[in-house]
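Asker: Shown below is the structure under consideration.
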Amino acid sequence: MSLPNQTPDLEDSINVTEAHGRVVREAAACAREKRIVDNGIEPISLWAFVACGVVLLIAGGILGSGGRLFSYGKVFREGYVRTPAPGAGDTGPVPKEALAAYMAKGSKIYSAKCNGCHGSDAKGNGSTFPSLVGSTWVTGETERFAMIILNGLEGPVSDGKTYGVMPPQGIGMAAEDLAGIMTYVRNNFGNATGDVVTIDMAKAALEISAARKNAGKSATAAELTADHVKALPGDVLDPKALLDPITLAPGKAP
Ligand code: HEC
């Protein structure tokens with residue numbers, strides 16, 4: 001397009017009306033051209049868009065009731081059952097037979113408290129530590145055995161020999177520890193009494209020990225023979241009864 005009066009008018013001042021008219025014409029032309037370029041690619045109205053969506057959903061629902069288009073029921077597999085999370089069926093520790101459960105506890109106490117002197121095979125060393133294997137003070141009356149563990153021992157032992165002094169092992173020992181260690185030594189290393197020294201029996205042992213005439217002193221053969229050749233009081237526990245291996249309380253069958 002040719003624009004008139006492109007050179008500034010040097011004689012007169014600029015013709016404002018004409019200049020303004022030119023600007024308006026040019027702007028109108030620009031707008032026109034932009035419309036031509038945008039033709040057909042303008043963004044569609046949001047309302048039209050939403051309306052289409054609604055129509056599609058309803059139409060889909062109607063057509064889909066036959067199961068052809070949108071059948072939301074098909075999103076989920078039929079008869080699907082989730083696999084239980086790992087551990088969901090866990091009902092706690094598997095019950096163990098009483099003898100095995102007590103011995104498992106006792107084995108730990110033995111390692112911690114007796115191993116150092118009587119050895120890992122409980123045979124002692126023949127000179128300063130006696131053997132616990134086949135000892136009648138181990139496999140015989142439980143009260144005597146308990147008094148040795150709780151108070152230590154001085155003077156001759158079951159074989160008539162004196163090995164030295166056994167320091168008391170009962171300090172801080174819980175009833176279940178005592179029950180465990182006694183059951184373990186009576187049924188391990190070649191000993192096999194086949195019975196369980198229960199927590200109740202061990203509790204009785206702790207009371208008997210606390211009431212000793214020689215409380216605070218090591219036990220001696222004389223005292224053991226005079227006062228403690230007895231079975232600890234308490235109900236006998238079937239060695240095959242099922243127990244919770246941790247609490248040693250009666251447990252259900254697995
Ligand atoms: C510090 C070393 C030491 C420790 C620990 C020890 N003992 Fe002894 N034990 C001895 C000595 C020494 C004798 C022998 C004492 C004597 O000659 O009078 C002995 C004797 C015994 C006897 C007597 C054996 C018999 O045939 O008469 C028994 C039972 C016994 N100990 C059990 C145990 C148990 C169970 C433990 C662990 C809870 C234990 N001892 C921890 C050193 C120890």
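Asker: Between the range 202-238 and the range 99-136, how far is it from one alpha carbon centroid to the other, in angstrom?
Answerer: 20 Å
Asker: Okay, next question. Separation of the range 164-185 and the range 13-33 by C-alpha centroid, Å?
Answerer: Here the answer is 111 Å between Cα centres.
Asker: Using only the Cα atoms of the range 96-243, build the gyration tensor, take square roots of its eigenvalues as a ≥ b ≥ c, and label the shape rounded, prolate or oblate: rounded if a/c is under 1.5, else prolate if a/b is larger than b/c, else oblate. Don't skip to the end; give the middle numbers.
Answerer: Numbers: a/c = 1.68, a/b = 1.24, b/c = 1.36.
Oblate.
Asker: Right, something else. Taking 0.36 nm per residue of separation and subtracting the Cα-Cα distance, what length does fully extending A28 through A231 add? All intermediate terms of the calculation are to be shown ahead of the outcome.
Answerer: Values: separation 203, 0.36 × 203 = 73.08 nm, distance 11.73 nm.
Extra length available between A28 and A231 comes to 61.3 nm.
Asker: Then there is this: Which of the lysines could be linked to K113 by a straight reach, that is with a Cα gap under 23 Å, when you skip same-chain ones fewer than 8 residues away?
Answerer: K105, K123, K161, K203, K217
Asker: Using only DSSP helix segments of four residues or longer, with each worth -39500 (n - 2.57), what per-residue ellipticity at 222 nm results for the chain after dividing by its residue count and rounding to 500?
Answerer: Numbers: 9 runs with 107 residues, N = 254.
When only DSSP H runs of four or more count, the value is -13000 deg cm²/dmol.
Asker: May I ask for the angle, rounded to the nearest 10°, between helix 199-210 and the longest principal axis of the chain, with both axes built from Cα atoms and the value confined to 0 to 90°?
Answerer: Approximately 60 degrees, to the nearest ten.
Asker: Per residue of the range 135-146, in order, report the coupling 6.51 cos²θ - 1.76 cosθ + 1.60 (Karplus, θ = phi - 60°) as ³J(HN,Hα) in whole Hz, putting x for Gly and Pro.
Answerer: In residue order, the calculated couplings are 5, 5, 7, 8, 8, x, 4, 5, 5, 5, 4, 4 Hz.
Asker: Separate question: Can you give me the orientation-averaged projected area of the convex hull built on the Cα atoms of the chain, in nm²?
Answerer: Details: hull surface 157.6 nm².
Convex hull of Cα atoms, orientation-averaged projection: 39.4 nm².
Asker: At a 10 angstrom cut-off on C-beta neighbours, averaged per residue, how do the peptides 213-223, 238-248, 77-87 rank from highest to lowest?
Answerer: Descending packing order for the listed peptides: 238-248, 213-223, 77-87.
Every read-out reported here was derived from the displayed coordinates using simple, explicitly stated rules and does not represent laboratory data. These figures come from a predicted structure and were not determined experimentally. Quick reminder, even Gly has a Cβ in these numbers, built from the backbone with ideal geometry, and neighbours come from all protein chains shown.
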